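Step one of this worksheet: look at the structure below.
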Amino acid sequence: MDVELRTERLLLRQPRRGDAPRIARFLNNFAVAGKLSTVPYPYAESDAYWWLDRWSADKPADETGFMLELAGEGIIGNCGFHLNIHKQTLLGYWLAEPFWNRGFMTEAATAVLDWYFAATTAEHVRSGLFHFNKASLAVQRKLGFTETGEGTLHCLARHEDLRHIDTELTRARWAGSSERVQEAWPSGLPVRTRDH
Ligand SMILES: CC(C)(COP(=O)(O)OP(=O)(O)OC[C@H]1O[C@@H](n2cnc3c(N)ncnc32)[C@H](O)[C@@H]1OP(=O)(O)O)[C@@H](O)C(=O)NCCC(=O)NCCS
């Protein structure tokens, strides 16, 4: 869906072809690519164009994602939804390493989840992380995700199957965190949807 969201520090907008050089710069980093399942390493600009060429703003909410744009800087990451092979909606995200540990992904994912639960009737969102990904686990715990099981998932950058923790956030749990959401958004949801 062609949606833009605003948070305190970020513009969350649809990807553009002009994003390719920065996407490639930030994903061509094993510290990032090695924690994602479907991102190759090394990662070239052609990989970014390949991904961007398959992007469409016509897709449903379950396949809508956002680039994170920081004023004065440009894009610094990505956060959004995709369907797995079982047609389950998964939240995925990455942030450029120079911007880690400043709360950017928690801020972005909070807005993205607010939008998703408002725009759909979905009862839950799934996600997960490779077993060693402590930062992602911390982000998901802050958001209210809980662990539902584990399995193995292939990591393209590492060329191996790795232990993967499965997680889930229910609509009820997200609604129960409205106090925290209210703190983050005292004046209501900063949502702008172009096709509504
Ligand atoms: C995971 C990622 C998106 C987090 O983004 P971020 O903007 O740094 O996240 P936030 O600042 O909102 O929160 C990070 C949390 O992780 C914690 N953290 C970071 N490194 C940690 C570590 N080694 N051990 C434990 N906690 C850690 C931080 O302390 C913080 O938690 P806190 O607020 O409770 O202190 C970013 O690290 C990233 O892109 N990593 C590579 C790609 C990736 O892992 N994507 C997710 C795949 S599941």
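The values are calculated or read from the model by the stated rules, or taken from the named source; none is laboratory data. Please read all numbers here as calculations on a predicted model, not as lab measurements. Every residue, glycine as well, gets a Cβ built from its backbone with ideal geometry; the counts of neighbours run over all protein chains shown. Quick note on the areas: whole protein, heavy atoms, side chains included, nothing else; ligands and nucleic acids left out. Shrake-Rupley method; radii C 1.70, N 1.55, O 1.52, S 1.80 Å.
A few points about this structure:
- Residue count for segment 49-69, restricted to those that are of a type in the set (A, V, I, L, M), away from the ligand (no atom under 16 Å from the Cβ) and crowded, with 17+ Cβ neighbours inside 10 Å: 1
- Any hit, segment 51-64, residues being free of Cβ contacts under 8 Å to residues at least 40 places away in the same chain and within 13 Å of the chain's Cα centre (by Cα): yes
- Considering segment 98-140, and only residues there that are under 14 Å from LEU169 (Cα atoms) and touching a Cys at 6+ places or on another chain (Cβ under 8 Å), the residue that is farthest from the ligand (Cβ to nearest atom) turns out to be VAL112.
- Residue that is farthest from the ligand (Cβ to nearest atom) [pool: residues in segment 83-97 that are more than 17 Å from GLN140 (Cα to Cα) and open to solvent by 10 Å² or more (accessible area, probe 1.4 Å)]: LYS87
- The single residue among PRO15, PRO40 that is more than 26 Å from GLY103 (Cβ to Cβ), surrounded by 15 or more Cβ atoms within 10 Å (Cβ to Cβ) and modelled with pLDDT of 95 or more turns out to be PRO40.
- For segment 70-82, the tally of residues that are open to solvent by less than 60 Å² (accessible area, probe 1.4 Å) and either away from the ligand (no atom under 14 Å from the Cβ) or hydrophobic (A, V, I, L, M, F, W, C) (or both) stands at 6.
- THR167 meets all of the listed conditions (1) more than 15 Å from the chain's Cα centre (by Cα); (2) modelled with pLDDT of 95 or more but one, namely (1).
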